[in-house]
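Colleague: Before we start, here is the structure in question, set down as structure tokens.
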């Protein structure tokens with residue numbers, strides 16, 4: 001059994017509105033910088049790297065434009081049941097799931113047995 005956080009990281013911090021700065025692509029630039037640093041910073045703190053990042057976007061509130069501009073992949077939608085959903089009905093907003101590979105062989109690394 002592996003100790004510590006998994007090698008998959010969920011990004012939960014909202015990005016600033018691109019209209020705030022002078023750079024019209026500020027959000028995707030910041031997101032790109034964060035992704036370039038994420039695995040090394042995570043490894044420095046938790047002693048293992050991150051191979052894949054994921055985030056969730058509520059399409060009723062946001063379009064996820066900055067993620068798409070930063071080459072994030074649309075992976076699908078949630079079921080709306082939440083992490084501890086015991087019912088088979090949506091009780092929370094259905095969100096888009098987006099992912100960003102941090103290493104080219106992330107699939108092999110994430111499926112490798114310890």
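Since every read-out is calculated from the coordinates, none of them should be taken as a lab result. Computed from a predicted structure; not experimentally measured. Cβ sites come from the backbone with ideal geometry, for glycine too, and all protein chains shown count toward neighbours.
Colleague: Between residue 77 and residue 109, what length in nm is gained on full extension when 0.36 nm per residue of separation is reduced by their alpha carbon distance?
Modeller: Values: separation 32, 0.36 × 32 = 11.52 nm, distance 2.40 nm.
Computed gain between residue 77 and residue 109 is 9.1 nm.
Colleague: When only Cα pairs under 8 Å and 6 or more residues apart are kept, what is the percent relative contact order across region 8-111?
Modeller: Normalised by residue count, the contact order of region 8-111 is 29 percent.
Colleague: Grab the Cα-Cα distance for residue 84 and residue 69, subtract it from 0.36 nm times how many residues apart they are, and report the gain in nm with one decimal. Each step should come with its number before you reach the end.
Modeller: On the way: separation 15, 0.36 × 15 = 5.40 nm, distance 3.18 nm.
My answer for the length gained is 2.2 nm.
Colleague: Then there's this: Mind running the shape call on region 8-111? Use the C-alpha gyration tensor, a ≥ b ≥ c as the square roots of the eigenvalues: rounded below 1.5 for a/c, prolate if a/b tops b/c, oblate otherwise. Please report the intermediate quantities before stating the final value.
Modeller: On the way: a/c = 2.02, a/b = 1.11, b/c = 1.83.
Taking the square roots of the gyration eigenvalues as a ≥ b ≥ c, region 8-111 is oblate.
Colleague: I would also like to ask the following. Treat each spin label as a single point 7 Å out from the Cα along the C-beta direction, and report the residue 91 to residue 36 distance in nm.
Modeller: Result for the modelled spin labels: 4.3 nm.
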